[in-house]
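None of the figures in this text is laboratory data; all of them are computed from the coordinates on show. Fair warning: this is a prediction, and the values are worked out from it, not measured in the lab. Reconstructed Cβ throughout: ideal geometry from the backbone, glycine too, with neighbour counts over all protein chains shown.
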Amino acid sequence: MFSRPSFGLAEIAWRWSFGAAAGLLLMFSFVEYLDTLPVSNGDLLLLRTSQPTLISRAVAHIFHGSAFRVMATSVVLALALGAAWIAVASLVRAATLKALLAYFREDASTSVPSPKKNWRLRSLFGLNFFRLSAALAAVAGCMAAILLGRFAARASDPAPGSALLITLTVTMLVWFAWSTLNWFLSLASIFVVADGQDTFGAIAAAVDLCRTRSGSVFATGTCFGLAHLTAFVVASSVIAVPVGFAAVLPLGAVLGGVLLVTLSYFAITDFLYVGRLAAYVAIVDMPELPVTPEAKPLLSPQAGTSLDAGSAVDASELILSDVSPNG
């Protein structure tokens with residue numbers, strides 16, 4: 001993160017560029033949708049009356065029958081943005097992982113170049129497709145949580161507390177399931193580039209890594225998770241400063257301060273994501289070497305130097321059991 005900040009800047013560049021492009025596409029689509037709405041002279045007359053009841057009738061008449069166009073536009077945008085995200089995320093992740101592997105493997109003085117393993121970009125496409133599917137399933141699960149909360153609040157017995165508790169509980173379970181699955185799929189992408197695994201083989205390798213190297217994986221996730229939580233708490237505290245001066249500062253200054261703090265928080269989280277990814281690459285590509293008793297160095301009492309286990313004892317040297325009591 002600190003010695004090679006270009007990795008973090010590259011992550012920020014592609015994430016923010018894609019987000020800006022998606023936002024512009026949604027905005028243009030909304031503007032084009034508004035251009036398709038028919039507005040008659042009667043609707044304009046009702047809108048100019050400044051009467052809430054008449055304005056609401058005019059708006060309802062304008063938007064009447066446009067629900068199908070909204071659904072069709074939403075489906076087209078979702079499919080287009082989903083396909084674009086899968087392609088861009090796969091290409092960027094392949095480039096990032098190749099650079100990280102080269103960073104950890106480069107040692108011109110002592111290391112032997114590791115053999116290149118063939119891998120296919122379609123395996124990354126498959127992993128990102130599963131990630132997108134998991135995100136859509138999580139959105140559907142959150143909508144189901146809201147519906148369950150509404151069903152719990154009957155007309156005869158509203159029980160808003162129970163409805164809120166059910167909604168929050170189901171939402172937290174959905175979020176935990178999605179975050180766990182998304183983490184496994186993100187970790188599996190390392191094995192596609194490093195070991196040439198296919199989609200399902202990379203997922204199996206990620207599960208096996210968590211089983212065999214659970215301590216290293218847990219320590220890495222905990223450290224970066226605490227760093228992410230710290231960044232969120234600090235950003236939440238700092239963002240309260242411009243909001244607190246909303247009564248005395250112009251609206252543009254308040255919104256600018258909020259936007260600056262938000263973008264800074266997103267930049268920090270992107271750097272933390274790259275750092276965590278680099279740590280996982282190091283765990284995968286630099287496995288622990290087993291330490292055997294024969295490999296442990298011994299300390300020579302005369303010179304204070306370390307000796308190997310085989311050379312610590314001289315076979316021709318007399319020991320106490322070889323000396324007779326009479327001398």
Taking only C-alpha pairs under 8 Å that are 6+ residues apart, what is the relative contact order of segment 1-107 in percent?
25 percent
Could you tell me the ratio Rg/Rh of segment 119-211? Both radii from Cα atoms, Rh via Kirkwood.
1.22
In terms of the ratio Rg/(2.2 N^0.38 Å) built on C-alpha atoms, what value belongs to segment 213-287?
1.52
In vacuum, with every alpha carbon of segment 1-107 counted as one equal point scatterer, what does the Debye formula give for log10 I(q)/I(0) at q = 0.14 Å⁻¹? Two decimals, please.
-0.74
Between PHE28 and LEU81, what length comes free when the chain is fully extended (0.36 nm per residue of separation minus the Cα-Cα distance, one decimal in nm)?
17.7 nm
So the FRET efficiency between LEU249 and ALA219, C-beta based with R0 = 45 Å and rounded to 0.05, is 0.55
Furthest towards positive pole of dipole, LEU187, ALA138, PHE200, structure part segment 119-211, Cβ charges:
ALA138
Give, as a single signed number, the net charge of other residues whose beta carbon lies under 15 Å from the beta carbon of HIS61, with Lys and Arg counted +1 and Asp and Glu -1.
+1
In nm, what is the difference between 0.36 nm times the number of residues separating LEU165 and SER74 and their Cα-Cα distance?
29.7 nm
Sequence order, segment 70-86: Karplus ³J(HN,Hα) from phi using 6.51 cos²θ - 1.76 cosθ + 1.60, θ = phi - 60°, Hz rounded, Gly and Pro as x, gives 5, 5, 5, 5, 5, 5, 5, 5, 5, 5, 5, 5, x, 5, 5, 5, 4
Dividing the mean separation of Cα pairs under 8 Å (6+ apart) by the residue count of segment 213-287 yields a relative contact order in percent of 45 percent
Radius 13 Å from Cβ of LEU77, net charge of other residues (Lys, Arg +1; Asp, Glu -1)
0
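I'd like to compare 224-234, 273-283, 35-45, 84-94: which one has the highest average count of other Cβ atoms within 10 Å, and what's the full order after that?
Working: 224-234: 13.5, 273-283: 19.8, 35-45: 11.1, 84-94: 17.4.
Ranked from most to least packed, the peptides come out as 273-283, 84-94, 224-234, 35-45.
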Within a Cβ distance under 13 Å of ALA89, other residues only, what is the Lys/Arg minus Asp/Glu net charge?
+2
